[in-house]
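Following: one structure in structure tokens, then a few remarks.
Bear in mind these aren't lab numbers, they're just calculated from the coordinates by the rules spelled out. Since this is a predicted model, take the numbers as computed values, not measurements. A quick note on method: Cβ atoms are made from the backbone with ideal geometry, for glycine too, and the neighbour counts reach across all protein chains shown.
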Amino acid sequence: MHWLKRLLTPPLIVLAAILMWVEEWLWEHLKVVTAWIAKFPLLRWYEAGIQRLPPYPTMLMFLLPGTILLPVKVFAVWLVAHGRPLLGIGVIVAAKVVGTAVAARSYVICKPKLMTIRWFARLHDWLIAARDYLYARVAAMPLYQAVRARLTAWRIAMRELLTRFRARGRLSLRWRAIRRWLGKRQT
């Protein structure tokens, strides 16, 4: 049994590192995006309505987006099972991004009201403590730190590459202007 643990632990740590990194990135960036989207009048009206609800109906509104996305994820698995793996994976990724965005916004809106429910507050605190404990255990592993460093280096390299492409775009505009100027000069 120990051989199985030794065999499965490294790939699961790598997977956990990638998932934690992606989840952190999505959570932070999608909170900003959803806060911007929440400025639209219809969504402000919806959020104000949620904030006027008592705690248990607020909980229902908090759980509703996840239950709505569940059939979408089942449909994605169906697509994969019926020979459309790329489309199925795309639907799963899109559902994950949308679900994380909606969950982040719903959490921000509903948390104050939900924390007034004793059992929810205890469950919330326990889940946060368990998550922090597990994250700390995984983050202390050397393999996790190596994967995390590699992912961070990759993100920095991608950002530098995008900066270079943007600079080249300006440079190519200059070259086109020079070519046009030279073309006019030769005629």
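Observations
- Each principal axis of segment 54-174 carries a Cα extent, and these read 62, 40, 33 Å when sorted largest first.
- Leading residue at positive end of dipole, segment 42-187 (Cβ point charges), from I117, I89, L64: I89
- Environment charge of H124, counting only residues whose C-beta is closer than 15 Å and scoring Lys/Arg +1, Asp/Glu -1: +3
- The charge dipole of the chain, taken about the Cα centre with unit charges on the Cβ atoms of Lys, Arg (+1) and Asp, Glu (-1), comes to about 1300 debye, rounded to the nearest 20.
- Gap separating the Cα centres of segment 143-167 and segment 66-128, nearest whole Å: 28 Å
- Relative exposure of H82, H29, H2, judged by other C-beta atoms within 10 Å (fewest first): H2, H82, H29
- Computed over the chain, relative contact order equals 29 percent, with contacts defined as Cα pairs under 8 Å that lie 6+ residues apart.
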